[in-house]
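The values are calculated or read from the model by the stated rules, or taken from the named source; none is laboratory data. Note that the coordinates shown come from a computational prediction; the quantities given were computed from them, not determined experimentally. Cβ placement follows ideal geometry from the backbone for every residue including glycine, while neighbour counts extend to all protein chains displayed. We work out accessible area using only protein heavy atoms, side chains counted, and drop any ligands, DNA or RNA first. Shrake-Rupley method; radii C 1.70, N 1.55, O 1.52, S 1.80 Å.
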Amino acid sequence: MRRELIGNISHDLRTPIAGIKAMVETLQDTAIDDKQVALDFLTRINGEVDRLTQMVTELTELSHIETGKAELRRVPTNLNSLIEEVISQMRPQAESKQVTITTDFNSNLPVIKIDKDRIRQTLTNLVHNAIKFNNPGGKVTISTTFHNESAIVSVSDTGMGISKEDLPHIFERFYKADKARSQGGSGLGLAIAKHTIQAHGGNISVKSEEGKGTTLTFDLPLNTKPTV
């Protein structure tokens with residue numbers, strides 16, 4: 001497992017580093033004299049650096065969560081309002097992809113004590129994926145309800161879906177379902193989401209069918225439980 005993890009990390013780090021090196025060498029040769037080309041290369045280098053930064057941040061976060069070093073800072077939170085904040089943040093991305101975001105909130109959802117920043121990160125990741133792997137003109141629906149002393153959140157999309165073979169593995173570190181879904185990203189987002197929800201005493205699950213979209217659902221206890 002350790003060898004596989006190191007292999008995956010090395011592969012995912014090597015690609016942006018190789019891209020940065022190639023662009024820097026091109027700039028050093030002749031491209032630096034062409035202002036427009038140089039600006040394009042610097043923009044692309046900046047994007048690759050952002051990708052590396054995100055990967056290192058996610059690796060650190062996952063390590064802290066898995067080793068129990070990530071302390072949850074629980075505060076009373078209105079989940080519906082938190083989701084609205086995430087939607088507002090993600091709306092430009094949805095509009096550029098021509099994807100509509102709708103909500104189906106339970107207006108009586110109780111206030112819940114959670115680590116607001118980490119649940120926001122989880123929601124952002126799920127909504128980001130629902131937009132990214134959707135089709136132009138598609139829809140993302142985020143719903144909330146509560147049942148058996150748990151708040152329940154679902155994020156559904158009308159996108160490409162996930163194959164039966166890939167479905168059991170999507171919460172694994174670095175797992176990228178297929179070529180269509182593997183462009184960009186570190187393959188760590190859903191692993192972090194899983195550990196975050198479990199640390200809150202909840203569970204996360206997925207339902208999907210190729211060509212018919214995906215629904216990710218997680219629950220959070222309404223009453224605070226010890227971190228697991």
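Between a first residue in segment 15-30 that is surrounded by 12 or more Cβ atoms within 10 Å (Cβ to Cβ) and a second residue that is β-branched (Val, Ile, Thr), which pairs have beta carbons less than 6 Å apart while being 6 or more apart in sequence or on different chains?
As it stands, the answer is Ile20/Ile45; Met23/Ile45, since those pairs meet every condition given.
Name the single residue, out of those in segment 36-70 being hydroxyl-bearing (Ser, Thr, Tyr) and either open to solvent by 70 Å² or more (accessible area, probe 1.4 Å) or on the phi > 0 side of the Ramachandran plot (or both), that is modelled with the highest pLDDT.
Keep residues of segment 36-70 that are hydroxyl-bearing (Ser, Thr, Tyr), which gives 43, 53, 57, 60, 63, 67.
Narrowing further to those that are either open to solvent by 70 Å² or more (accessible area, probe 1.4 Å) or on the phi > 0 side of the Ramachandran plot (or both): 43, 53, 57, 67.
Working: Thr43: 87, Thr53: 76, Thr57: 72, Thr67: 68.
My answer is Thr43.
Return only the number of the condition from (1) at pLDDT 95 or above; (2) open to solvent by 70 Å² or more (accessible area, probe 1.4 Å) that Lys164 does not satisfy.
(1)
What residue, among those in segment 183-228 that are of a type in the set (Val, Ile, Thr), in contact with a Lys or Arg (Cβ under 8 Å, 6 or more places away or on another chain) and not in a loop (DSSP other than H, G, I, E, B), is modelled with the lowest pLDDT?
Of all residues in segment 183-228, those of a type in the set (Val, Ile, Thr) come to 192, 196-197, 204, 206, 214-215, 217, 224, 227-228.
Still in the running and in contact with a Lys or Arg (Cβ under 8 Å, 6 or more places away or on another chain): 196, 204, 214-215, 217, 224.
In the following step, the residues that additionally are not in a loop (DSSP other than H, G, I, E, B) were identified as 196, 204, 214-215, 217.
Details: Thr196: 89, Ile204: 96, Thr214: 95, Thr215: 96, Thr217: 97.
My answer is Thr196.
Please go through (1) open to solvent by 30 Å² or more (accessible area, probe 1.4 Å); (2) of a type outside the set (Gly, Ala, Ser); (3) modelled with pLDDT under 90 for Asn135 and return the number of the only condition it doesn't satisfy.
(3)
So which of Ser88, Ser10 is at pLDDT 85 or above, surrounded by fewer than 16 Cβ atoms within 10 Å (Cβ to Cβ) and either in contact with a Leu (Cβ under 9 Å, 6 or more places away or on another chain) or of a type in the set (Gly, Ala, Ser) (or both)? Give the derivation first.
Working: Ser10 fails: at pLDDT 85 or above.
Just a single option satisfies the conditions, and that option is Ser88.
Given the structure, is Arg73 in contact with a strand residue (DSSP E or B) (Cβ under 8 Å, 6 or more places away or on another chain) and open to solvent by 90 Å² or more (accessible area, probe 1.4 Å)? Quick ask: steps written out before the conclusion?
Numbers: in contact with a strand residue (DSSP E or B) (Cβ under 8 Å, 6 or more places away or on another chain): yes; open to solvent by 90 Å² or more (accessible area, probe 1.4 Å): yes.
Considered against the rule, which asks whether it is in contact with a strand residue (DSSP E or B) (Cβ under 8 Å, 6 or more places away or on another chain) and open to solvent by 90 Å² or more (accessible area, probe 1.4 Å), Arg73 comes out as yes.
In the set Ile83, Ile114, which member is open to solvent by less than 30 Å² (accessible area, probe 1.4 Å), in contact (Cβ under 8 Å) with a residue 40 or more places away in the chain and more than 24 Å from Ile170 (Cα to Cα)?
On the way: Ile83 fails: more than 24 Å from Ile170 (Cα to Cα).
Criteria check complete, one pass: Ile114.
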